[in-house]
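Asker: Dumping the structure here so I can ask a few things about it.
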Amino acid sequence: MSAYAYYPGCSLTGLGKPYDESVRAVFAHLGLGLEEIPDWNCCGATSYMSISGDKAVALAARNLALAEPMGLEIVAPCAACYLVLSKAQHTISGYPEIAARVHKGLQAAGLAYAGRAVIRHPLDVLVNTVGLDAIAAKVIRPLTGCRVAPYYGCQIVRPYSGFDDPLRPQTMDRLLEALGARVVEYPLKAHCCGGSLMGTMEDIGVRMSFLLLKEARARTANMVATACPLCQYNLEAYQGQMRRAYGEDVTIPIVYFTQLMGLAFGLAPKALGIQRNLVTADPLPVTV
Amino acid sequence: MRKGSTHCRYAEDVNPAFPAEIMAQPGGEALRDCIQCGTCSGACPVAVHMDLTPRRIIALTRAGLEADVMASSTPWLCASCYECQVRCPREIKVTDVMYLLKRRAIEKGTYPKRFPVPVLAKAFYNMVAAHGRNSEARVVIELALRTNPFSLLKMAPIGLKLIKTGRMALGQERIKDPKQLRAVLDAMEES
Ligand code: SF4
Ligand code: SF4
């Protein structure tokens, strides 16, 4: 059985719990192990980068150091974690002076990092390592009737990921098709949802997310699939604010791509955290 | 008319150390290569809300007009979507430059006071340094209390739904060995 070192990150223990549940369920169903990195800490998200360069790298690097003895590739489902861990890795390999300071910091705490981490997003692992054939073989309830807008957001495709096009990604499209869903043409698939602006400058965040949903509906999608806990939250929890701000109803279920996989595999909705979604997903092939 | 475009700048307004210091940091290196094509501004989904477009921020930074850059809302509105950065034909790391500017503003205390972004960044930073993890609800509540307490009322319905669906806990998440993390961060402080 192949296995991965799992970095859930803070969001997946809270807002993104259904993402955590569905990633674990889908990996287990495909016979892939996920071993949680022992005592992982917050990656620092974008806030740390706003405050300190070196410390942001060191904070993320503690996780890479803790994972290294496991000898496994790291899987990070949260887009921000995926970006931050990748950025730390790039900084350490590209800037020897910073790397030296980070190594000193890790050493002071009895840690060491040889720089060998490989950080991957589950979308990449599932499509490019497991493969669409192996996934299609597990589908017992094809997602007939699902017209999905595949929403990638920013940070899983830009700027560090090498697994897809940074502006016109395709990986999730192909995956959803393998599950039997219809994928609608969605030019905003890698356009920003507003990210943390939703918490700091709500009117701007609401506008950005509103445009994404308006377009998804205009393209006849009956659900949006996401790969990031912050995108999922912004698009799902603010639909009421969007309606109030723009006088237009954009109600649409926002699901994790791993939830759709699990449903197509015939896994129990509860095991995929479907009951935690705020907008019920009527067109899903199960009633919750 | 956008701020900054109506009056002249003089030699006294220039801080030559400013571009040099930005360029000395990771991500700032290529600043001088900018050809002012405006691709970054055209790609930026937030540009319509900014007082200075990303292109202008790059131009002003390169010119050493620090006061204009530091007074701008732009770095604080940047959503870190990296659209500008992957599209720039001169491989300027525009998003990374935005981070460098935020960091500089927080260090020097020169950020525009009405922006909650630095408050959020600090609340988050302190929580993670102390506990090793961030607890979303606590960060949000602290931010609201420090900037706009009334916004908590507005957020309450969403908050309740999230608590009901088990997606928001009010407790503090923490790692088992915060001392080890502290040791890493302290050692970074010294170097
Ligand atoms: S896209 Fe690049 S070269 Fe063009 S204006 Fe922006 S930073 Fe300068
Ligand atoms: S990274 Fe920031 S400046 Fe660049 S396009 Fe996105 S929001 Fe605009």
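The values are calculated or read from the model by the stated rules, or taken from the named source; none is laboratory data. Computed from a predicted structure; not experimentally measured. Every residue, glycine among them, receives a Cβ derived from its backbone with ideal geometry; neighbour counts consider all protein chains shown. Surface areas here come from the heavy atoms of the whole protein model, side chains and all, with no ligands, DNA or RNA. Shrake-Rupley method; radii C 1.70, N 1.55, O 1.52, S 1.80 Å.
Asker: If I ask for residues that are part of a loop (DSSP other than H, G, I, E, B) and within 7 Å of another protein chain (Cβ to nearest Cβ), which ones from the stretch A:36-51 would you list?
Answerer: Keep residues of the stretch A:36-51 that are part of a loop (DSSP other than H, G, I, E, B), which gives A:37-44.
A:Asp39, A:Asn41, A:Cys42, A:Gly44 - these are the residues of the stretch A:36-51 that are part of a loop (DSSP other than H, G, I, E, B) and within 7 Å of another protein chain (Cβ to nearest Cβ).
Asker: State all residues of the stretch B:38-57 that are out of contact with any helix residue (DSSP H, G or I) (no Cβ under 7 Å at 6 or more places or on another chain) and more than 10 Å from ligand 2 (Cβ to nearest atom); if no residue qualifies, say none. Write out each step before concluding.
Answerer: Here is the first cut: in the stretch B:38-57, the residues out of contact with any helix residue (DSSP H, G or I) (no Cβ under 7 Å at 6 or more places or on another chain) are B:42, B:48, B:56.
Residues satisfying the conditions are B:Val48, B:Arg56.
Asker: Now for a different question. Quick one: how many residues across the stretch A:99-119 are within 11 Å of chain B (Cβ to nearest Cβ), of a type in the set (A, V, I, L, M, F, W, C) and in a loop (DSSP other than H, G, I, E, B)?
Answerer: Counting residues in the stretch A:99-119 that are within 11 Å of chain B (Cβ to nearest Cβ), of a type in the set (A, V, I, L, M, F, W, C) and in a loop (DSSP other than H, G, I, E, B) gives 2.
Asker: So how many residues does the stretch A:63-98 have that are within 11 Å of chain B (Cβ to nearest Cβ), open to solvent by 60 Å² or more (accessible area, probe 1.4 Å) and within 23 Å of the chain's Cα centre (by Cα)?
Answerer: Going through the stretch A:63-98 one residue at a time, the tally reaches 1.
Asker: Any residue that is of a type in the set (Gly, Ala, Ser) and within 24 Å of A:Tyr152 (Cα to Cα) - is there at least one of those in the stretch B:66-77?
Answerer: no
Asker: Name the residue that is nearest to A:Gly44 (Cα to Cα), counting only residues in the stretch B:138-161 that are small (Gly, Ala, Ser) and modelled with pLDDT of 75 or more.
Answerer: So the first thing to find is which residues in the stretch B:138-161 are small (Gly, Ala, Ser), and the list is B:144, B:151, B:156, B:159.
Keeping just the survivors that are modelled with pLDDT of 75 or more gives B:156, B:159.
Values: B:Ala156: 26, B:Gly159: 23 Å.
Within the stretch B:138-161, the match that is nearest to A:Gly44 (Cα to Cα) is B:Gly159.
Asker: Would you mind stating whether B:Gln172 is closer than 29 Å to A:Leu278 by Cα and away from ligand 2 (no atom under 16 Å from the Cβ)?
Answerer: Details: closer than 29 Å to A:Leu278 by Cα: yes; away from ligand 2 (no atom under 16 Å from the Cβ): yes.
In short, yes.
Asker: Scan the stretch A:190-197 and give yes if some residue there is touching a Ser or Thr at 6+ places or on another chain (Cβ under 7 Å), surrounded by 24 or more Cβ atoms within 10 Å (Cβ to Cβ) and touching a residue at least 60 places away in the same chain (Cβ under 8 Å), otherwise no. Walk me through how you get there before you give the answer.
Answerer: Of the residues in the stretch A:190-197, the ones touching a Ser or Thr at 6+ places or on another chain (Cβ under 7 Å) are A:193-196.
Restricting the remaining residues to those that are surrounded by 24 or more Cβ atoms within 10 Å (Cβ to Cβ) gives A:193-195.
The next check asks that each one be touching a residue at least 60 places away in the same chain (Cβ under 8 Å); those that pass are A:195.
Taking every residue of the stretch A:190-197 in turn, at least one turns out to be touching a Ser or Thr at 6+ places or on another chain (Cβ under 7 Å), surrounded by 24 or more Cβ atoms within 10 Å (Cβ to Cβ) and touching a residue at least 60 places away in the same chain (Cβ under 8 Å).
Asker: Also, I was wondering about something else. Among the residues of the stretch B:86-112, what is the count of those that are within 10 Å of another protein chain (Cβ to nearest Cβ), within 9 Å of ligand 2 (Cβ to nearest atom) and closer than 20 Å to A:Ile204 by Cβ?
Answerer: 2
Asker: Restricting attention to the stretch B:41-52, does a residue exist that is β-branched (Val, Ile, Thr) and within 13 Å of ligand 1 (Cβ to nearest atom)? First the steps, then the outcome.
Answerer: So in the stretch B:41-52, the residues β-branched (Val, Ile, Thr) come out as B:46, B:48.
Next, from what is left, pick out any that are within 13 Å of ligand 1 (Cβ to nearest atom): none.
Among the residues of the stretch B:41-52, not one is β-branched (Val, Ile, Thr) and within 13 Å of ligand 1 (Cβ to nearest atom), which makes the answer no.
Asker: Exactly one of these conditions fails for B:Met98: (1) within 12 Å of ligand 1 (Cβ to nearest atom); (2) more than 13 Å from the chain's Cα centre (by Cα). Give me its number.
Answerer: (2)
Asker: Please enumerate the residues belonging to the stretch B:46-74 that are over 24 Å from B:Cys8 (Cβ atoms) and within 16 Å of the chain's Cα centre (by Cα).
Answerer: The initial filter retains those residues of the stretch B:46-74 that are over 24 Å from B:Cys8 (Cβ atoms), namely B:46-49.
If the condition is that a residue be over 24 Å from B:Cys8 (Cβ atoms) and within 16 Å of the chain's Cα centre (by Cα), then B:Val46, B:Ala47, B:His49 are the ones that fit.
Asker: While we're on this one: Taking the residues in the stretch A:97-129 that are of a type outside the set (D, E, K, R) and out of contact with any helix residue (DSSP H, G or I) (no Cβ under 9 Å at 6 or more places or on another chain) as candidates, determine which candidate is farthest from A:Tyr256 (Cα to Cα). Spell out the reasoning first.
Answerer: First, the residues of the stretch A:97-129 that are of a type outside the set (D, E, K, R): A:98-100, A:102-103, A:105-115, A:117-119, A:121-123, A:125-129.
Those still in the list that are out of contact with any helix residue (DSSP H, G or I) (no Cβ under 9 Å at 6 or more places or on another chain) too: A:100, A:129.
On the way: A:Ala100: 39, A:Thr129: 20 Å.
Out of the qualifying residues, it is A:Ala100.
Asker: So, in the stretch A:27-48, exactly how many residues are over 21 Å from A:Val118 (Cα atoms) and surrounded by 23 or more Cβ atoms within 10 Å (Cβ to Cβ)?
Answerer: 2
Asker: For the stretch B:137-155, check the following and say yes or no: at least one residue is out of contact with any Leu (no Cβ under 9 Å at 6 or more places or on another chain) and touching a residue at least 40 places away in the same chain (Cβ under 8 Å).
Answerer: No.
Asker: Still on this structure: Being closer than 15 Å to A:Cys10 by Cβ and more than 7 Å from every other protein chain (Cβ to nearest Cβ): is that true of B:Ala130 here? I'd like the intermediate steps shown before the answer.
Answerer: Numbers: closer than 15 Å to A:Cys10 by Cβ: yes; more than 7 Å from every other protein chain (Cβ to nearest Cβ): yes.
Yes, satisfied.
Asker: Which of the residues belonging to the stretch A:231-243 are more than 9 Å from chain B (Cβ to nearest Cβ) and surrounded by fewer than 24 Cβ atoms within 10 Å (Cβ to Cβ)? Give the steps one after another, and end with the answer.
Answerer: Of all residues in the stretch A:231-243, those more than 9 Å from chain B (Cβ to nearest Cβ) come to A:231-232, A:234-236, A:239, A:242-243.
Passing the criteria: A:Glu236, A:Gln239, A:Met242, A:Arg243.
Asker: Of the residues that sit in the stretch B:35-85 and are within 10 Å of chain A (Cβ to nearest Cβ) and β-branched (Val, Ile, Thr), which one is nearest to B:Arg9 (Cα to Cα)?
Answerer: Once the filter is applied, the top-ranked residue is B:Val48.
Asker: Let me ask something additional. So which residues in the stretch B:163-176 are surrounded by fewer than 16 Cβ atoms within 10 Å (Cβ to Cβ) and either within 8 Å of chain A (Cβ to nearest Cβ) or small (Gly, Ala, Ser) (or both)?
Answerer: B:Gly166, B:Gly171, B:Lys176
Asker: Quick one: A:Tyr152 ticks every box in (1) more than 18 Å from the chain's Cα centre (by Cα); (2) surrounded by 22 or more Cβ atoms within 10 Å (Cβ to Cβ) bar one, so which box is it?
Answerer: (1)
Asker: Just checking, how many residues over the stretch A:245-263 are more than 19 Å from the chain's Cα centre (by Cα) and either closer than 17 Å to A:Arg174 by Cα or open to solvent by 10 Å² or more (accessible area, probe 1.4 Å) (or both)?
Answerer: Total satisfying the criteria: 6.
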